[in-house]
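The next block holds one structure in the form of structure tokens; read it before the comments.
The values are calculated or read from the model by the stated rules, or taken from the named source; none is laboratory data. Remember, it's a predicted structure, so these values are computed and weren't measured experimentally. Ideal geometry is used to build each Cβ from the backbone, glycine not excepted, and the neighbour counts take in all protein chains shown.
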Amino acid sequence: MANFPTHIAIGTLVSGTLATLTLAVDAVAPENLVAVTLAGVLGSVLPDIDLKESRPARAMFSGLAVFFAFAVLFTVAGHYSVAEMLILYVGTLLAVRYGAKYVFFKMSYHRGIWHSILAAAFVSFATAAAYYYVLKRPDAVSWLAAGFMFIGYMTHLALDEIYSVDVMDTRIKASFGTAIKFVDRKHWGHTSAMAAATVLAFLMTPSSSLFMQNLSSQSMWSSLQKQLLPARGQPWFGIDVGDLAARVGLQTRRAMLAAPTTTAPIATGSIGGSPSDQLK
């Protein structure tokens, strides 16, 4: 499979390309564009959360631990003493960071259900819900973030499949076919749980009508098509190569005309002058 730096690099490239296209049609505000682009980058490493002690796994459970710990703290604020709230905060932090992580890895294995299209759909729906309810983004922006997440997630799975083919040795590794799959046929219990979670996440998503309306807008696609390349007759990056070459040539000719025209004597080796001078 591809390593972590490769997933990050390719995921950032793909998300940056999508962000460029989105920016070209002025679909969202710049601050929202940054948020949805980060979703794509996150999606490009998220499938490896089922790899124990991987960077995505550590980051995910650490982040979830902090999130739920603060959620509990804000919920019980004003109902308990400082000591009791501190116990609940630290208890939740440790329970999620270590307890939930332990249970998760007991119930999962690498290249299992998390390396599937079903899991990609689940995290995409969860992203739409999180952006809408937690980050308070508009519904269309939340669905755009879900789209970035899905593409980033699928990019990870595609890279894992590509790295399963040993091109130099012209052979296919045993891991081929385990990254991109619709469901996990080896563990139907995992598949059933993921399917139920996907349905639940979808039910929590905001309305997608405005997002679909914008996505199917003919004017948006026409605008994008017009901006893919510089307009006919317009130079790339505003630089007219022909005009630039003409200016350089003119400056060169002026420099040559302004240079002195004195002729230096012909010299051979380290001795100069005419043969008659050398005989004297």
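Please determine, by comparing only the residues of segment 193-207 that are small (G, A, S) and surrounded by 13 or more Cβ atoms within 10 Å (Cβ to Cβ), which one is nearest to L135 (Cα to Cα). Step by step, filter segment 193-207, then rank; the result is A201. Can you find a residue that is of a type in the set (S, T, Y), assigned to a helix (DSSP H, G or I) and modelled with pLDDT under 85 anywhere in segment 120-138? No, segment 120-138 contains no residue that is of a type in the set (S, T, Y), assigned to a helix (DSSP H, G or I) and modelled with pLDDT under 85.
Considering every residue within segment 3-21, establish whether at least one is among the small types (G, A, S), surrounded by fewer than 16 Cβ atoms within 10 Å (Cβ to Cβ) and at pLDDT below 85. Can you show your working first?
Let us first name the residues in segment 3-21 that are among the small types (G, A, S), namely 9, 11, 15-16, 19.
Adding the requirement that they be surrounded by fewer than 16 Cβ atoms within 10 Å (Cβ to Cβ) leaves 9, 16.
Adding the requirement that they be at pLDDT below 85 leaves none.
For segment 3-21, residues among the small types (G, A, S), surrounded by fewer than 16 Cβ atoms within 10 Å (Cβ to Cβ) and at pLDDT below 85: absent.
For segment 41-67, enumerate the residues that are surrounded by fewer than 17 Cβ atoms within 10 Å (Cβ to Cβ) and either farther than 19 Å from G112 by Cβ or of a type in the set (A, V, I, L, M) (or both). Spell out how you get there, then give the answer.
Of the residues in segment 41-67, the ones surrounded by fewer than 17 Cβ atoms within 10 Å (Cβ to Cβ) are 52-55, 58-59, 62-64, 66-67.
The answer is A59, S62, G63, L64, V66, F67.
Limited to segment 118-142, what total is found for residues that are of a type in the set (D, E, K, R) and either crowded, with 24+ Cβ neighbours inside 10 Å or touching a helix residue (DSSP H, G or I) at 6+ places or on another chain (Cβ under 9 Å) (or both)? Outline the logic, then answer.
Applying the first criterion (of a type in the set (D, E, K, R)) to segment 118-142 yields 136-137, 139.
Then drop every residue that is not either crowded, with 24+ Cβ neighbours inside 10 Å or touching a helix residue (DSSP H, G or I) at 6+ places or on another chain (Cβ under 9 Å) (or both), which leaves 137, 139.
Of the residues in segment 118-142, 2 are of a type in the set (D, E, K, R) and either crowded, with 24+ Cβ neighbours inside 10 Å or touching a helix residue (DSSP H, G or I) at 6+ places or on another chain (Cβ under 9 Å) (or both).
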